[in-house]
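For reference, the structure discussed in these notes is given below.
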Amino acid sequence: AAPVQVQLVVPMAVVFGPGSVPADLPSPLPFRDVQEMEISVNVRTSVTSRYEMHYRSATGQEEAALAAATAQEADAALHPLQDTTLGSLTMYVVPETTSLLPQGINVYVGKHRSALVRAGGSLAALQARLREVTQVMSFTASSIAAALSDRVPDGQLSPDARRYLKSSLGYEITFSLLNPDPKSHIVDWDIEGAVNRYVKPVLDKLSLVANFSVDSQILYYAVLGVTPRYDKESSSFLLSAHSLPHVINPVEARLGSSAASLYPVLNFLLYVPEHSHSPLYIQDKDGAPVSTNAFHSPRWGGIMVYNVEAPASPQASLPLHVDVDMARVMEVFLAQLRLLFGLSREEVPPEFLLESPGNEGLADWELDHLLWAHTVENIATVSTTLTSLAQLLDKIGNIVIKDDVASEVYRAVASVQSAVTKLSLGHLHAAFQASKEAVTSSERAFFDPSLLHLLYFPDDQKFAIYIPLFLPMAVPILLSLAKIVRETRLHKKEPTKMD
């Protein structure tokens, strides 16, 4: 693949609240400073991160906001005063003795694009903290490596890198209720209400990243591919961690959604175990029960087992009527959705406090996190697609490239260059849009019908196809041609005979 050179520029304001300015500042406020870092991916891909930091004192309004009682209130009051450009960050430096941050917490990351950071006494200590915050709030070396996973040797990738979904212009989300035993359970789930209440706010926020479509289905008599093990001690049935991969295949055959889809499909399955296998619990690798009773499969989706409470009296008539608690189910599915998009929050340092994003499902800076990764991935994808196309056209000598294919290629190249330029200016949103246009154009060129048939019909294949068709017709034609030639020769010899 062609070399990719990208510079990711993050515009960053560092705002000193009252009593937080370190004594060893190199020059009076305001001043600018730039910090660059090379993210090593591989020889052919160079990614540089560049934080353009603008140090200044807080304004009167910001000081008033920082005087709030809690970090949450301060975050809410500061939000209207911030630069809300996608990809930008604002760090509010508060004194070491501040009451805004709890004991042992040095950094509070808000819902938007800002954080509160303890001063740390010296500029070096503050900068070390700021570096940690920027890694959490913009992009990390591992998130960029995951975005470029197709170009990275396998051994260098973290195990999570292959878990995240590939960048796509759209995603389809399917919620399926599996009821393998309708004779015992009549299951009702208010999936429409749950999607509107829990999923829609998250997808509205993510609509900037891609288009989403959501559908749901109920499948009867759909069983898991593994028979659970009965455990006498707990008088329940268990699915062990190593048997989970075998659960998906038989179920997937019934889902039927991915076959007709243009985009990646995310499957979220709610499984109500049959009466004879209830209650059913999932165990982790150590044999402990999984608290959510759910598991997820990278780039595919997740499955949650929903146990039905046994009837109080053994004589209770079947089928039982079950009303699914959608709040509990959606909490699990949304957590899995975040995992699939690479938005898990496990790798945060212990002295960080992250504000919960609330019903929107993800904070503004998490949205930026996705945009950074997807923009870099799109640029790499387009470069690979165009390189493959160029190599292919070199191999096929008799190819005719139509004007519309050529113009798509030019458009893709221009859009990629525009995306790289916008990234180096710190305009994340514009860069992402340009990278999306580049992907669309490069794929239109690559999959153009006028090129497709040439891909699959090299010359030797044409002979193999046409000779059996023409040979039966050619034999009588050739024989009659030979006869005509013979007769013509005889005809020419005849006039020489003279009386």
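Per-structure values
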| item | result |
| --- | --- |
| Filter pass, R118 being surrounded by 16 or more Cβ atoms within 10 Å (Cβ to Cβ) and within 28 Å of G361 (Cβ to Cβ) | no |
| Residue that is farthest from the chain's Cα centre (by Cα), among those in the stretch 181-198 that are of a type in the set (V, I, T) and in a helix (DSSP H, G or I) | I191 |
| Residues being touching a Phe, Trp or Tyr at 6+ places or on another chain (Cβ under 7 Å) and small (G, A, S) - total across the stretch 279-300 | 0 |
| Residues being open to solvent by 50 Å² or more (accessible area, probe 1.4 Å), touching a residue at least 12 places away in the same chain (Cβ under 8 Å) and out of contact with any Phe, Trp or Tyr (no Cβ under 8 Å at 6 or more places or on another chain) - total across the stretch 19-35 | 5 |
| From A373, A327, residue being of a type in the set (A, V, I, L, M, F, W, C), part of a helix (DSSP H, G or I), in contact with a Phe, Trp or Tyr (Cβ under 7 Å, 6 or more places away or on another chain) and touching a residue at least 60 places away in the same chain (Cβ under 8 Å) | A373 |
| Enumeration of residues in the stretch 341-368 that are modelled with pLDDT of 90 or more and in a helix (DSSP H, G or I) | D364, W365, E366, L367, D368 |
| Any hit, the stretch 95-115, residues being open to solvent by 10 Å² or more (accessible area, probe 1.4 Å), touching a residue at least 12 places away in the same chain (Cβ under 8 Å), in contact with a Gly (Cβ under 6 Å, 6 or more places away or on another chain) and in a helix (DSSP H, G or I) | no |
| So P264, is it closer than 30 Å to P357 by Cα and either touching a residue at least 24 places away in the same chain (Cβ under 8 Å) or touching a Leu at 6+ places or on another chain (Cβ under 8 Å) (or both) | yes |
| Conditions (1) farther than 22 Å from R328 by Cα; (2) β-branched (V, I, T); (3) in contact with a helix residue (DSSP H, G or I) (Cβ under 6 Å, 6 or more places away or on another chain): number failed by V223 | (3) |
| I173 vs. criteria among the aliphatic types (A, V, I, L, M), within 15 Å of the chain's Cα centre (by Cα) and assigned to a strand (DSSP E or B) | yes |
| Test: residue in the stretch 66-88 that is buried (at least 22 other Cβ atoms within 10 Å of the Cβ), in contact with a Leu (Cβ under 7 Å, 6 or more places away or on another chain), within 29 Å of A145 (Cβ to Cβ) and not hydroxyl-bearing (S, T, Y) | yes |
| Given (1) touching a Leu at 6+ places or on another chain (Cβ under 9 Å); (2) closer than 30 Å to K436 by Cβ, index of the condition L270 fails | (2) |
| Which listed residue, of R411, R338, is under 14 Å from the mean Cα position of the chain (by Cα) and free of Cβ contacts under 8 Å to residues at least 60 places away in the same chain | R338 |
| Residue among S46, S40 that is at pLDDT below 90, surrounded by 15 or more Cβ atoms within 10 Å (Cβ to Cβ) and not in a loop (DSSP other than H, G, I, E, B) | S46 |
| Exclusive hit being part of a helix (DSSP H, G or I) and buried (at least 16 other Cβ atoms within 10 Å of the Cβ), set S415, S407 | S415 |
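Yes/no per residue for (1) part of a strand (DSSP E or B); (2) of a type in the set (V, I, T); (3) surrounded by fewer than 19 Cβ atoms within 10 Å (Cβ to Cβ):
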| site | (1), (2), (3) |
| --- | --- |
| L266 | yes, no, no |
| L270 | yes, no, no |
| S276 | no, no, yes |
| G287 | no, no, yes |
| T292 | no, yes, yes |
| R299 | no, no, yes |
| M304 | yes, no, no |
| A310 | no, no, yes |
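For every residue, the table says whether it meets (1) at pLDDT 90 or above; (2) under 31 Å from the mean Cα position of the chain (by Cα).
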site: A69; (1), (2): no, no
site: A77; (1), (2): yes, no
site: P80; (1), (2): yes, yes
site: T85; (1), (2): no, yes
site: T97; (1), (2): no, no
site: P102; (1), (2): no, no
site: V107; (1), (2): yes, yes
site: R113; (1), (2): yes, yes
site: L116; (1), (2): yes, yes
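The values are calculated or read from the model by the stated rules, or taken from the named source; none is laboratory data. Just so we're clear, the structure is a prediction, and the values are computed from it rather than from any experiment. So basically every Cβ, Gly included, is an ideal-geometry build from the backbone, and we count neighbours across all protein chains shown. In case anyone asks, the SASA skips ligands and DNA or RNA and just uses the protein heavy atoms, side chains included. Shrake-Rupley method; radii C 1.70, N 1.55, O 1.52, S 1.80 Å.
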